[in-house]
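Have a look at the structure below, then the notes.
Quick note: the coordinates plus some simple rules give every number you see, no bench work behind them. None of the values given here were measured: they were computed from a predicted structure. Please note: Cβ atoms are built from the backbone with ideal geometry, for glycine as well, and neighbour counts cover all protein chains shown.
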């Protein structure tokens, strides 16, 4: 019997024993720095001469590891093995596949601080953010295992007296999973195991900035009983390996999380039918957002300031759900702005996240650092700089929490995804105008409304066009099974990760009808 799902609790680092355990885990992770990691193809470890050098974004001199890099020849070998493995894996029992996830979740739970410490080092995440990332990975394994057991029961359809009709779902085939660097464990794990537990085989190409944690997940899954060839670990270049796997005629589906630019490119490439291909490839794509918190005139401004500060600057704004826009009613605009600026000055410091004294850590790499600073430079022309605005890349890639005021709703920093600790404020004359501004981007991922007006909440429920809408809280921190996650428009295919129908994107319905 499987107990009902409940999300993994977060670690309370105010307790001395938890802080001590985490420090010990960080020391353990530091002892493993600089190791070399192979590809995993059909269960075989394959070392290559060409390596991905993985850097700690908080300390550029610290090498997390050297990860073997796949080429097209190795990608083809992995694809062939995944294709062959699918022929028997698709016939395995759902309970068998789910049990692998339950065992893997238990292994990660026992080694939780070790994984969290690795996220601090490889991803530059503060303790709290890293711990939540690990908890979410556990949640995905626990939740998707249970969802597969439910789906395996089939769905009721009608039968006439002369027939017996059944409706059930079968897996698709070989899937390519291209995971992001920001939720380097949670999203990478969730997208991979969702495909696997649904009966598919997988080619996992993690983000080049954070491939080591993906290797460590592979070790856990193997320990939990995952057979060779079901998930194949093939980090490599997006243009060389990623495009090759997306275009491959035997690829059945692509699961991608990342930028709009890459996501739309994958969507376009996946639409092309190649010689030897006998299906239309399915895409499961989550691309990003330009997320707004609307603050009404009838609202708790202290609650609003807390929600904005955390949503904008948690993990240095490197979340697709991060608040990068605030639309406040003109009656409370100045008061709210002053509160957020003051709260940011008091609470949002930045530095190396290893010591747990920093609210924010670094941004992920030089490219991100340069991009964010270019937007900040643009913001100085488009708005009034209230706080921050500087960066420091002498040791790691650090950007100050930055707040702009009086920004036109159509300005660049109000429309384009920055993916850094930058938030822009604008005012609205009415709640209707605030919603109109909130909806004026090409994205539609998350949003929040802070108000005590019930009529306005219900209006937002209908008219605020985002996939995840939150009332009287921030617009980040979705929990698996509680807040199914995915967005509209250029935010992706709204596949709702961590939701009751997510696994169905990796499967296809089949009807059988037997005459009696």
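How long is the gain from residue 163 to residue 268 if the chain were fully straight, where each residue apart is worth 0.36 nm and the alpha carbon distance is subtracted?
Contour length minus the Cα-Cα distance gives 33.5 nm.
Report the Cα centroid-to-centroid distance between region 441-506 and region 1-65 in angstrom, as an integer.
30
Looking at the chain, what % of its DSSP beta bridges pair antiparallel, to the nearest 5?
Values: 29 of 73 bridges.
So the antiparallel bridges in the chain amount to around 40 percent.
Could you give the angle, 0 to 90 degrees to the nearest 10, between helix 301-313's Cα long axis and the longest principal axis of the Cα atoms of the chain?
50
May I ask you to derive the relative contact order of region 16-155, considering only C-alpha pairs under 8 Å and at least 6 residues apart, and to give it as an integer percent?
25
With a Förster radius of 41 Å, plug the Cβ-Cβ distance of residue 384 and residue 19 into 1/(1 + (r/R0)^6) and report the FRET value to the nearest 0.05.
The value I calculate is 0.55.
Return the FRET efficiency for the residue pair residue 223, residue 347: r is the Cβ-Cβ distance, R0 is 60 Å, and the value is rounded to the nearest 0.05. Display every interim value, and only then the final one.
On the way: r = 40 Å, r/R0 = 0.67.
Efficiency, rounded to the nearest 0.05: 0.90.
Quick one: Cα centre-to-centre distance for region 324-349 and region 113-152, in angstrom?
Each part's Cα centre sits 31 Å from the other's.
Assuming R0 = 30 Å, what is the FRET efficiency of residue 393 and residue 303, from their Cβ-Cβ distance, to the nearest 0.05?
0.30
Sort 259-272, 436-449 for me by packing, meaning the mean count of neighbouring Cβ atoms within 10 Å per residue, highest on top.
So the peptides 259-272, 436-449, ranked by packing, come out 436-449, 259-272.
Mind ranking 159-169, 23-33 by how tightly packed they are, going by the mean number of other C-beta atoms within 10 angstrom, highest first?
Going from most to least packed, we get 23-33, 159-169.
Tell me what the chain gives for mean residue ellipticity at 222 nm when only DSSP H runs of n ≥ 4 count, each as -39,500 (n - 2.57), the sum divided by the residue total, rounded to 500 deg cm²/dmol.
Computed mean residue ellipticity for the chain: -12000 deg cm²/dmol.
Taking the chain as the reference, fit the longest principal axis to its C-alpha atoms, fit the long axis of helix 72-89 to the helix C-alpha atoms, and give the angle between the two in degrees, 0 to 90, nearest 10.
That works out to roughly 60 degrees.
Taking only the C-alpha atoms, wrap a convex hull around region 291-479 and report its volume per residue in Å³ as a whole number. Provide the component values of the computation, followed by the final result.
On the way: hull volume 20.0 nm³, N = 189.
It is 106 Å³ per residue.
How tilted is helix 212-223 with respect to the longest principal axis of the chain? Cα atoms for both, answer in degrees (0 to 90, nearest 10).
Tilt relative to the chain: about 40 degrees.
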